[in-house]
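**Q** Sharing a structure, written as structure tokens. Questions coming.
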Amino acid sequence: MKELTIGLIQMPVVEDKQTNLDTAAAMAGQAAKAGAQIVCLPEMFACQYENHSFIENQEEAGGKIWQTLSAIARENHVILIGGSFPESDGGRLYNSCFIFDENGQQIGRHRKVHLFDVDVAGGISFKESDTFTAGSDFTVLETSLGRIGVEICFDIRFVEQTRLMALDGAQLIFVPAAFNMTTGPAHWDLTFRARALDNQVYMCGCSPARDENGPYVAYGGSIITSPWGEIVDKLDEKPGILLQTVDMSRVEAVRSQLPILSARRKDLYRLEEI
């Protein structure tokens, strides 16, 4: 498929889980009616970004949040990148993104590999590992609209992860994320442009809307960047839907003009094709 339409849902996230689920369903429906074929929700779309909230709102796969995501995909006939929620499994919690096809069937799950453990002087201090267990797999999926990858937020900072996903055939990578007001202004645009440029893929970052009075102030700015490293489109900090049609043939066009992936010196990098 040469062209496909993406809908990134930059929604407000409040304390009440049901309100968040209703908001996600309503905004995803709006995106689908406007032509979106793939819809993405933000990181921790169902609960506020706090360790105690992760614990209070944890659910197993198949629970209420999972069922809502499946219904959104099925009722709107879209591929759904289900943001993330606190998934409980075997006595552990994971920051997990579930992916569904147009019939509401789960086709994948990504558990955040790199947990957000940071302490920036004069800025943000947070430790996801106080609550979450790290995932161990990189996620690339074959879908009816092509081969896509999924990361969650802090994963994008680890350049090897995105590179290996591109080598595994991903041409479009979704990143449910919640950068904050320390890292967002400094690194959000730059990081998405860099990963897109380095790997000659489309990168899609989906953030919650900014709430200055919330316990965690997300940056917002949901974004799509191109294989040439350009910003295709970007939202501001307010609630909204980024709806954009992208030309997937541009991935191969850029790769043929600048053959970065195929020209790697494997003897130096000691990398094997996946």
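Residues checked against (1) at negative phi; (2) aromatic (Phe, Trp, Tyr); (3) open to solvent by 20 Å² or more (accessible area, probe 1.4 Å); (4) free of Cβ contacts under 8 Å to residues at least 60 places away in the same chain:
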{"site": "Glu15", "(1), (2), (3), (4)": "yes, no, yes, yes"}
{"site": "Gln18", "(1), (2), (3), (4)": "yes, no, yes, yes"}
{"site": "Asp22", "(1), (2), (3), (4)": "yes, no, yes, yes"}
{"site": "Ala28", "(1), (2), (3), (4)": "yes, no, no, yes"}
{"site": "Gly35", "(1), (2), (3), (4)": "no, no, yes, no"}
{"site": "Leu41", "(1), (2), (3), (4)": "yes, no, no, no"}
{"site": "Ile72", "(1), (2), (3), (4)": "yes, no, no, yes"}
{"site": "His77", "(1), (2), (3), (4)": "no, no, yes, yes"}
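**Q** Select from the stretch 219-236 the residues that are touching a strand residue (DSSP E or B) at 6+ places or on another chain (Cβ under 8 Å) and open to solvent by 60 Å² or more (accessible area, probe 1.4 Å) and write down the one among them that is nearest to Cys47 (Cα to Cα).
**A** Lys234
**Q** Among the listed residues Phe98, Phe126, Phe132, which satisfies the condition of being modelled with pLDDT under 95, of a type in the set (Phe, Trp, Tyr) and part of a strand (DSSP E or B)?
**A** The match here is Phe126.
**Q** Let me ask you something else. How many residues are of a type in the set (Ser, Thr, Tyr) and touching a Cys at 6+ places or on another chain (Cβ under 6 Å) when one looks only at the stretch 58-111?
**A** Total meeting the criteria: 1.
**Q** Look through Val254, Val246 and report the one residue that is touching a strand residue (DSSP E or B) at 6+ places or on another chain (Cβ under 8 Å) and hydrophobic (A, V, I, L, M, F, W, C).
**A** Exactly one residue qualifies, and that residue is Val246.
**Q** In the stretch 147-168, how many are in contact (Cβ under 8 Å) with a residue 60 or more places away in the chain and small (Gly, Ala, Ser)?
**A** 1
**Q** Just checking, how many residues over the stretch 32-49 are out of contact with any Cys (no Cβ under 8 Å at 6 or more places or on another chain) and closer than 24 Å to Thr245 by Cβ?
**A** Qualifying residue count, the stretch 32-49: 9.
**Q** Which is surrounded by 17 or more Cβ atoms within 10 Å (Cβ to Cβ), touching a residue at least 24 places away in the same chain (Cβ under 8 Å), touching an Asp or Glu at 6+ places or on another chain (Cβ under 9 Å) and among the aromatic types (Phe, Trp, Tyr), of Tyr202, Tyr216?
**A** Only one candidate qualifies: Tyr216.
**Q** Collect the residues in the stretch 188-199 that are out of contact with any Gly (no Cβ under 9 Å at 6 or more places or on another chain) and within 21 Å of Arg264 (Cβ to Cβ), keeping them in residue-number order.
**A** Once the filter is applied, which keeps residues that are out of contact with any Gly (no Cβ under 9 Å at 6 or more places or on another chain) and within 21 Å of Arg264 (Cβ to Cβ), the stretch 188-199 yields Arg195, Asn199.
**Q** Further, regarding this structure: Any residue in the stretch 51-70 that is open to solvent by 30 Å² or more (accessible area, probe 1.4 Å), part of a loop (DSSP other than H, G, I, E, B), hydrophobic (A, V, I, L, M, F, W, C) and more than 28 Å from Gly240 (Cβ to Cβ)?
**A** The answer is yes, given that some residue of the stretch 51-70 is open to solvent by 30 Å² or more (accessible area, probe 1.4 Å), part of a loop (DSSP other than H, G, I, E, B), hydrophobic (A, V, I, L, M, F, W, C) and more than 28 Å from Gly240 (Cβ to Cβ).
**Q** Hey, can you tell me all the residues within the stretch 80-110 that are more than 17 Å from Leu172 (Cα to Cα) and touching a residue at least 60 places away in the same chain (Cβ under 8 Å)?
**A** Ser84
**Q** Looking only at residues in the stretch 79-95 that are in a strand (DSSP E or B) and polar (S, T, N, Q), which one is most open to solvent (accessible area, probe 1.4 Å)?
**A** Looking at residues that are in a strand (DSSP E or B) and polar (S, T, N, Q), I get Ser88.
The values are calculated or read from the model by the stated rules, or taken from the named source; none is laboratory data. Small disclaimer: the values here were computed from a predicted structure and weren't measured. Here the Cβ is made from the backbone with ideal geometry for all residues, glycine too, and neighbour counts use every protein chain on show. Note: areas computed on protein heavy atoms with side chains; ligands, DNA, RNA excluded. Shrake-Rupley method; radii C 1.70, N 1.55, O 1.52, S 1.80 Å.
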